[in-house]
Each structure stands twice: as structure tokens, then as C-alpha cells.
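Just so you know, all these numbers are worked out from the coordinates, no wet-lab data involved. Just so it is clear, the structure is predicted and the values come from calculations on it, not from any experiment. FYI the Cβ positions are ideal-geometry reconstructions off the backbone, even for glycines, and counts take in every protein chain you see.
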Amino acid sequence: MGLDDIRYEDVIAATEEFRDLGRDDFLQTYGFGRARSYELVLDGLRYDSKAIAGVAHGHATGEFLRAGDFSGGAATVARCLRELGFVVETEEAPLDRATLLKRLRKLKVSRGPGSSEPSRHQPLSLLWAISRAADERPRLAPWPQFRDEVGPLLVEFGLPNAQATPEDPFWHLQGSGLWEVQGIPPESAKKMPKASILDAHHPQAGFTEEAAALLQDPVTRLDTIATICETYLQDVDRQALFDRMGLAGYTTAGSLLSPSEDENGDTGADDEHGRTTTPAPRRAATRSVIVRDEALARKVKELEGDRCQICDTTLRRLNRPYSEAAHIRGLGRPHHGPDELHNLLCLCANCHVLFDGLEIYVDPDGLVRGTRDDREPRPLRRAPAHPIDEAHIGYHRALCTLNTRKPTAD
């Protein structure tokens, strides 16, 4: 017994009956108890949302639902009423990371004709919104921007033959309890507005304030990206997807590379053999760089004796020991790791490249493994005086898992 048959006017009829009978008689007549969490708020009055939905279903279909006939909560009653344009408030505990991830796993996504796979419209739209959070852009985006940026993503990464309709996720994501739409007049919110209505009113949509606040944390943000990809986008090329989404920072453990110094520069004159005959070109550039604590880098190398903690190699350069201080969780955006000893490893240049490139990771037992299962596991060596934060190791491991390519079935 679904609630999809309920219309805006059916809910209004139920609220009018609620006021005529009074709360207690209304609830007793239709077999409901008082709302424990969710309440419909309309014209300054509050209504028990589940009871209103059950009676509205009766007005819509002739079948009045009782409390035991369906479940309440964010994924059912609240979603239904919000999608019709009503305000539903809750006295539930504030949104936390676990609830955020749970709601992401239970998006109400449709399935296209002849396809058993869930639609990718909502997951792709959420990833786009997360990329905005990672870039510290406003949480609410105007409809024209959403349409023009998300629409092509739905074509490129959506299910084959699926119609790209950005208005669907723009509106229906409200049912997740993590998304809101502002700027639609009540008379146009009785059902999902057509694209022409959205074009006329230029509403805004995006994560709720609670969800946006949680996504400011880089660890939670990585968890949400991983949850969406593993639940709905398993067969999508992650690198291509992240590059298009503005999430390229999640394909490496280090900072994003700056544009090449000679990009768009003059290549100079060549001789008859194609060899350059002039000095390499230069151009002026202004960059903002992270200032690392060099004392910390020297400290980790000293504690580990300039020996790579992964392969146990000691390199020499200019007749001196050479090693590199590698951050486990990158300092730059989007990872925002701390510059502290607990976030540093002493690595050789080769292992540093593999570690930042997400080719190797440290498992929960402290063994270094290859993400492609192509190397023998070996323990990460740790000097007794060198503390390492397991949360940073876990963050790097989650990045590796997110980027692991799954084998394609023949």
C-alpha cells in the first residue's frame, strides 16, 4: 500500500477534517496515535503526519489506511508530504554521520523501462552537490545552474537509453530528508513542477543545513562519496566520473597537480632535426602553496633512520641518505589532513609515488597490500617513538577502496 496516489488536495482535505473533529477524535476515528517524531506544519498549525497521510490516502483512493498498514518516518510519510510541497518537521535527534549514510543507501530511485538497475539521476546529482561542498561553494544552487551542469552528467553517466531529466532529482531528492528546494510558490508545489515552472521561478536546491554541516568534515565527505558509488554507481568509471564532477582530488592521496608551467607557452624554435634551439620558455605564475613544517619532516626521517617504512630501502643521494616524508592524509583540498607527526610516514621515492597514487595501502592488520592484489603483503615498519594515527591510515585505505577498479564480467 503505497502513498504515491496522494495528491495535494487530498492532504488539504485531511487537515480540514482534522480541524473539524479535533486531534483526539480524528486520531481515534482513524486508528492512529499521536506523532512521536514527524509533524506536518501548515498555516501555523501542526498535524500528526502519519495520520494525515493515512486519511489523505482514503480521500485519494477510497481506502483509508490505519497506523498498522504502513510505516512512518523520513523515507515514507515525510518524503511523500515534502514532495507535495508541505513542510514536515521532526523532533528526532539531530542528523549524524550514521543517519546521513543510511539515508543515502535508501534513496527512493526509480527503475527505467526494461531495466532492473536503479536510476542514477539522484546519486549523480548528490555527487555534484558534494563537489560543491568540497569546493566550499554555496550549498543551494539555482535551478538554471543545476540544469546546465547536472543535465550533461546524466547523459554521460546515466543508464543507457535513460532520458536526462534534471528536474526529477532537483525536486524528488527532497524525499531523502537531506535535500531542500526553495523558491517554488505553494500553488506550483502540489506535485513535481514541470521544467517550465522551474525555468520561470528560478528556485534553488541543495543539501539541508544539517547535511551541509556534516559534509564540511573531509572524512564524512569521503564516506558519503564512497557510499553513493558503492550503492548506485559500481559499474561507472570512477576516474572519468570524478574528473567530470570536480572530484578529481579523490583519485589521489596527495594534492592536485598544478597546471604545467609551460602550458600555452611558446615552444621556441626547432632546428631541421626537430630539436629545440632556444631555452625552455617561462611564464609568470602566482600560486598559493601549503607551508609544511620542515622540522616534522626531519623528525620522521630521523625516527625511521631514513629507511622506507614499506620496502625497508635506504636510498643515497649526493653520498647522503635520502628519504621522503609522506603525508598519509593529504594536506591539500579536498583531504585537508593535518601537518603532524601522526600523519607522516618515512618512504622512499618509489613507495611515496605508489602510496599517493593509491596503488598500495595499509590494511587493518598493519600489512601493506596492493590495490590490485599484485604484491606480497608485508608489515608496515614502525619505530617505537613514531606515533601514527589509525584514523589517517583508515582514510587513505578508504580512498584506495573507492578507486579500486572492479573486474568487468565477461
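For semi-axes √(5λ) of the Cα gyration tensor in Å, the value calculated from this model appears in (1) 52, 22, 20; (2) 52, 26, 19; (3) 30, 26, 24 under label (2). A full extension of the chain between His336 and Asp365 corresponds to an added length of 7.9 nm, given 0.36 nm per residue minus the alpha carbon distance. Each residue in Ser37, Ser196, Ser119 was given a count of other beta-carbon atoms within 10 angstrom of its own, and listing them fewest first yields Ser196, Ser37, Ser119. Here Arg317 and Val155 are evaluated by their C-beta separation; at R0 = 60 Å the FRET efficiency comes out at 0.75. What the phi angles of the stretch 362-377 give under the Karplus curve with 6.51, -1.76 and 1.60, with θ = phi - 60°, is a coupling list of 9, 7, x, 8, x, 9, 7, 10, x, 5, 9, 6, 10, 8, 6, x Hz, glycine and proline written as x. In the chain, the calculated helix contribution to ellipticity at 222 nm averages -11000 deg cm²/dmol per residue, counting -39,500 (n - 2.57) for every DSSP H run with n ≥ 4.
Taken one residue at a time, the phi angles of the stretch 351-361 give Karplus couplings (6.51, -1.76, 1.60, θ = phi - 60°) of 5, 4, 4, 5, 5, 5, x, 6, 8, 9, 8 Hz. Gly and Pro are set to x. Residues of the stretch 125-154 with backbone nitrogen within less than 11 Å of a virtual label 7 Å along the Cα-to-Cβ line of His202, please, listed as ranges. Label zone hits: 142-145.
Is the C-alpha gyration tensor of the stretch 156-212 telling us rounded, prolate or oblate? Criteria: a/c under 1.5 is rounded; beyond that, a/b larger than b/c is prolate, otherwise oblate. Oblate, since a/c reaches 1.5 and b/c is not below a/b. Shape class for the stretch 8-90: rounded, because the ratio a/c of the largest to smallest gyration tensor axis (alpha-carbon atoms, square roots of eigenvalues) is under 1.5.
The alpha-carbon of Lys191 sits under 28 angstrom from the alpha-carbons of these lysines, leaving out residues fewer than 8 places away in its chain: Lys50, Lys102, Lys106, Lys108. Placing a pseudo-label 7 Å from each Cα along the Cα-to-Cβ vector at Arg23 and Asp293 gives an inter-label distance of 5.5 nm. Largest GNM mean-square fluctuation across Pro142, Pro384, Pro364, computed for the chain with C-alpha springs under 10 Å, falls on Pro384. Counting neighbouring Cβ atoms within 10 Å and putting the fewest first, the residues Phe355, Phe70, Phe86 line up as Phe70, Phe86, Phe355.
You can think of it this way: the chain between Glu230 and Ser116 has 39.4 nm of extra reach, that is 0.36 nm per residue less the Cα-Cα gap.
Using a simple spin-label model with points 7 Å from Cα along the Cα→Cβ vector, what separation in nm is obtained for Thr61 and Gln145? Once both label points are built, they end up 4.0 nm from each other.
Taking label points 7 Å from Cα along the Cα-to-Cβ direction, Arg375 and Gln182 give a separation of 4.8 nm.
Within the listed set Glu16, Glu304, Glu89, the Gaussian network model of the chain (springs between alpha-carbon atoms below 10 Å) gives the highest mean-square fluctuation for Glu16.
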